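**Q** Dropping a structure here in C-alpha cells format, bear with me for questions.
The values are calculated or read from the model by the stated rules, or taken from the named source; none is laboratory data. In this text, all values refer to a predicted model and were calculated from it rather than measured experimentally. Cβ: placed from backbone, ideal geometry, glycine included. Neighbour counts: every protein chain shown. With ligands, DNA and RNA removed, areas are computed over all heavy atoms of the protein, side chains included. Shrake-Rupley method; radii C 1.70, N 1.55, O 1.52, S 1.80 Å.
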Amino acid sequence: MKLELNQVSYQYKKENKKILENFSLSMGDTERVGLIAPSGYGKTTLCKLIAGYLTPDSGEILLDGRRVSSYKGYCPIQMIWQQPELAVNPRLRMREVILEGDEVEPRILEALGIEKAWMDRFPTELSGGELQRFCLARALGKRTRFLLADEISTMLDLITQSQIWNFLLKEVKQRQIGVIAVSHNQALLEKVCTRQVRLDYAIK
Ligand SMILES: Nc1ncnc2c1ncn2[C@@H]1O[C@H](COP(=O)(O)OP(=O)(O)OP(=O)(O)O)[C@@H](O)[C@H]1O
C-alpha cells in the first residue's frame, strides 16, 4: 500500500500561523519515516491530518489513490498518541478498550507484556506505560496498514522502551505495516526508521 500526501496545507482556524504549507510525502508500507522538527512545528498536527482527525485546508491525503477521509469503518491508518490517558474512554474497562481495535490477536497482548489481570481494570487504574501498551495493542488490529507513532515511548523506562520498539519493528516488518514515527530522540529514530523527513522546511 502507498500513503501519499500531496501539497497539504493546514492552519488552526483561530490562529494566524500556518502549521503546514504545501507539504508532500510519499511512502510505501515497508518504509518507516521519522518526522523531525522542533517542538510546536506541527508533527502531531500532521499525524492528526493523516489519521483523519483533521481535514487539510488544501491538498490531499491518499491511501492507494483513495482519499483517507472516504474510508468508512475501521481506518487502516492508526495513530498512537503521546498521552495514552487522552486516547481511551475512561468509562471502559481495558477488555473493552481492546475490543475497539480490529480483532487484536492475543499474542500481541502477550508480546507487549499486558497482564491478564489488567484487562478488568479501568484506564485510571494503570500506569502511563501500562496504558500505552494497550493503546499499541489496540492500534495493531488486523487491517492496520500504517501506524503513526507520536512520541509513544517517552513515558517508558529505557529497557521497556527498547523491548516495545523491538517488538513493534518485528511486527511491522512481518506484516508490512508502514510507520511514521515522531520523536525528539534522534538515536531512536535512526534505529527504527528507514529514512527521516524534516518538517520545519514545510513552513515558510
Ligand atoms: N487545537 C489547536 N488550536 C490551535 N492551535 C493548536 C492546536 N493544537 C496545536 N496547536 C498549535 O499548533 C502548533 C503545532 O502543534 P503540534 O502539537 O502539532 O506540534 P509538535 O511538533 O507535535 O510539538 P511537540 O514536539 O511539542 O509535541 C503549536 O504551535 C500548537 O500550539
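**Q** Nearest 5 is fine: what % of DSSP beta bridges in the chain come out antiparallel, could you say?
**A** Details: 13 of 30 bridges.
So the antiparallel bridges in the chain amount to around 45 percent.
**Q** Given contacts defined as C-alpha pairs under 8 Å and at least six residues apart, what's the relative contact order of the chain, whole-number percent?
**A** Computed value for the chain: 31 percent relative contact order.
**Q** Just by accessible area at a 1.4 angstrom probe, what is the order of Thr30, Thr160 from largest to smallest? Mind dumping the intermediate values first?
**A** Values: Thr30 85, Thr160 15 Å².
Of Thr30, Thr160, the descending order of accessible area is Thr30, Thr160.
**Q** A follow-up question, please. Any idea what diffusion coefficient the chain gets from Stokes-Einstein, in µm²/s, Kirkwood Rh on alpha carbon pairs, 20 °C, 1.002 mPa s?
**A** On the way: Rh = 17.4 Å.
Here the translational diffusion coefficient equals 123 µm²/s.
**Q** Please pull out the direction-averaged projected area of the stretch 102-165, using the convex hull of its alpha-carbon atoms, in nm² to one decimal place.
**A** Working: hull surface 18.2 nm².
The orientation-averaged projected area of the Cα hull of the stretch 102-165 comes to 4.5 nm².
**Q** Right, something else. Once every Cα of the stretch 1-73 carries one equal point scatterer and solvent is ignored, give the base-10 log of I(q)/I(0) from the Debye formula at q = 0.15, 0.26 Å⁻¹, two decimals.
**A** The Debye formula, applied to the Cα set alone, gives -0.50, -1.36.
**Q** Using a 1.4 angstrom probe and counting only protein chains, how large is the accessible area of Lys142 in Å², to 10?
**A** Counting only protein heavy atoms, Lys142 exposes about 120 Å² to solvent.
**Q** Here is a further query. How much net charge surrounds Ala117 when only other residues with a Cβ under 15 Å from its Cβ are counted (Lys, Arg +1; Asp, Glu -1)?
**A** Numbers: positive: Arg93, Arg95, Lys116, Arg121, Arg133; negative: Glu110, Glu115, Asp120, Glu125, Glu130.
Within the 15 Å Cβ shell, the charges total 0.
**Q** Then there is this: Local charge sum around Lys173 (other residues, Cβ-Cβ under 12 Å, Lys/Arg +1, Asp/Glu -1)?
**A** Details: positive: Arg32, Lys170, Arg175; negative: Asp29, Glu31, Glu171.
Net charge in that neighbourhood comes out at 0.
**Q** Another question, if that's okay. Quick check for you: with a 1.4 Å probe and neighbouring chains kept, what is the accessible area per residue of the chain, in Å²? Write down the numbers at each step before the final one.
**A** Values: 10330 Å² over 204 residues.
Ligands and nucleic acids excluded, the figure is 51 Å² per residue.
**Q** Moving on. Once amide H atoms are built 1.01 Å from N in the peptide plane, which residues 5 or more positions from Arg121, or in another chain, come under 5 Å H to H?
**A** Met94, Arg95
**Q** First compute the accessible area of the chain with a 1.4 Å probe, then give the percent of it belonging to carbon and sulfur atoms. Please report the intermediate quantities before stating the final value.
**A** Working: 5070 of 10330 Å².
Carbon and sulfur atoms account for 49 percent of the accessible area of the chain.
**Q** Still on this structure, please answer the following. Could you give me the percent of Cα pairs per 5 Å distance bin for the stretch 84-204, shortest bin first, beginning at zero and ending with the bin that holds the maximum distance?
**A** 2, 10, 21, 23, 20, 13, 7, 3, 1, 0, 0
**Q** Sticking with this structure for a sec: For every helix of n ≥ 4 consecutive DSSP H residues, a contribution of -39,500 (n - 2.57) applies; sum these over the chain, divide by its total residues, and give [θ] at 222 nm rounded to the nearest 500 deg cm²/dmol. Kindly include the intermediate steps, with their values, before the conclusion.
**A** Values: 6 runs with 57 residues, N = 204.
It lands at -8000 deg cm²/dmol.
**Q** Can I ask one more? Pop out the ³J(HN,Hα) list for the stretch 25-38 in order, Karplus 6.51 cos²θ - 1.76 cosθ + 1.60 with θ = phi - 60°, rounded to Hz; leave Gly and Pro as x.
**A** Along the stretch 25-38, the couplings run 7, 10, 9, x, 7, 9, 9, 10, 9, x, 9, 10, 5, x Hz.
**Q** Using amide H atoms built 1.01 Å from N in the peptide plane, name the residues 5+ places from Val179, or on other chains, whose amide H lies under 5 Å from its own.
**A** For Val179, whose amide H was placed from the backbone, the distant partners under 5 Å are Glu31, Arg32, Val33, Leu147.
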